[in-house]
Amino acid sequence: MNSPYNRFFKFSLKEKTKFFLQLFGCLLLIVGSISIFIIWINPQLSFICMFLFFFSLSIIAPFIDVPSMVKSGKITYHSLFFLAEKENKGVIKVHGGTLFDYYFVFQKNMKGQERTKLVIYEYLKGLKNLIESQNQDIIIEGTSYIINERTAKKLGLKKVQTNSSQLIILIFNYFNLAMSISLVKRKLHLPNLSNLNTYQGEVSAIKSKEVFIDKMISRLDANN
């Protein structure tokens, strides 16, 4: 498989500053224009502008949060699209790629199927990289609406109850998630949060499935 990379982390300070200025400039232009139009139609609908503002913030949040948390050491990349928080009370929470990652990694000419394969490949590679550096009894935890229980078991994971706070965060970031998946598939995709599940597994259990994980990685690598 080709070796893509996140272009943002190759940027100079000047290039990063320019990107953020353009990002906030576009945000202000779009939100401002729509808000003026809404108020012009009916001033009583001005409350919609507030929702529009918070919606916009949820879209650009990963572009700010991810680089800052990486810099502070709060999260670590174990592959292009697989991030992990610091271990806390024997649990490491993992996260998939964000809109920030997809925007700076995908090449414009990549088809939806190619992007999807790359995402799965990087998830598996990231999971493998993570468990190789952890103690056997550490628990890996992640929440996803894509992975079903059958696939999770093949990876050494089991379904557990989703934390209510995590669910609220995902609901708030629904449009961000929708844009992320749509960017992967290169077509509009609205995720079904009723399929949302949280999975856990000890490192030892995941390592017992390494043969399966390695086969999947090799298969995806060979197809690209």
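Note the listed values (1) 93, 28, 22; (2) 62, 38, 34; (3) 63, 48, 29, then indicate which one is Cα extents along the principal axes in Å calculated from this particular structure.
(2)
Quick one: if the Förster radius is 22 Å, what FRET efficiency do LEU167 and MET69 give, using the C-beta to C-beta distance and rounding to 0.05?
0.55
Just to be sure I understand: of the beta bridges DSSP finds with both ends in the stretch 55-184, what percent are antiparallel, rounded to 5?
Roughly 65 percent of the beta bridges in the stretch 55-184 run antiparallel, per DSSP.
When we measure straight from the Cα of LYS207, which lysines land under 26 angstrom away, once same-chain ones fewer than 8 places off are left out?
LYS74, LYS86, LYS89, LYS93, LYS117, LYS125, LYS128, LYS153, LYS154, LYS158, LYS159, LYS215
Residues in the stretch 145-181 near a label at LEU27, defined as backbone nitrogen under 18 Å from the 7 Å Cα→Cβ point?
What the label zone holds, given the 18 Å backbone N cut-off, is 172-180.
Tell me, how many Å apart are the Cα centres for the stretch 176-218 and for the stretch 1-76?
So the two Cα centres are separated by 25 Å.
Using square roots of five times the C-alpha gyration tensor eigenvalues, list the equivalent-ellipsoid semi-axes of the stretch 53-127 in whole Å, biggest first.
So the three semi-axes of the stretch 53-127 are 22, 19, 10 Å.
State which helices in the chain qualify, where a helix is a whole DSSP H run, it must extend 24 Å or more along its own axis by its Cα atoms, and its mean Kyte-Doolittle hydropathy must be at least 1.6.
Sorted by number, the helices that extend far enough and score high enough are 47-72.
Per residue, how much accessible area does the stretch 154-212 have with a 1.4 Å probe, in Å²?
Averaged over the residues of the stretch 154-212, the accessible area is 61 Å².
Going by average Cβ density within 10 Å per residue, which order do the peptides 201-209, 13-21, 117-125, 167-175 take, highest to lowest?
117-125, 201-209, 167-175, 13-21
Work out how much length LEU188 to PHE19 would gain on full extension: take 0.36 nm times their residue separation and subtract the Cα-Cα distance, in nm to one decimal.
Separation in residues times 0.36 nm, less the Cα-Cα distance, equals 58.3 nm.
Classify the stretch 133-224 as rounded, prolate or oblate, taking a ≥ b ≥ c as the square roots of the eigenvalues of its Cα gyration tensor: rounded when a/c is under 1.5, otherwise prolate if a/b is larger than b/c and oblate if not.
oblate
First compute the accessible area of the chain with a 1.4 Å probe, then give the percent of it belonging to carbon and sulfur atoms.
60
Counting residues in the stretch 84-131 as N, plug N into 2.2 N^0.38 Å and put the Cα Rg over that result.
1.37
The values are calculated or read from the model by the stated rules, or taken from the named source; none is laboratory data. Everything numeric in this text was worked out from a predicted model, so none of it was measured. Virtual Cβ from ideal backbone geometry, glycine too; neighbours counted across all protein chains shown. Heads up: the accessible areas ignore ligands, DNA and RNA and are worked out on the full protein's heavy atoms, side chains in. Shrake-Rupley method; radii C 1.70, N 1.55, O 1.52, S 1.80 Å.
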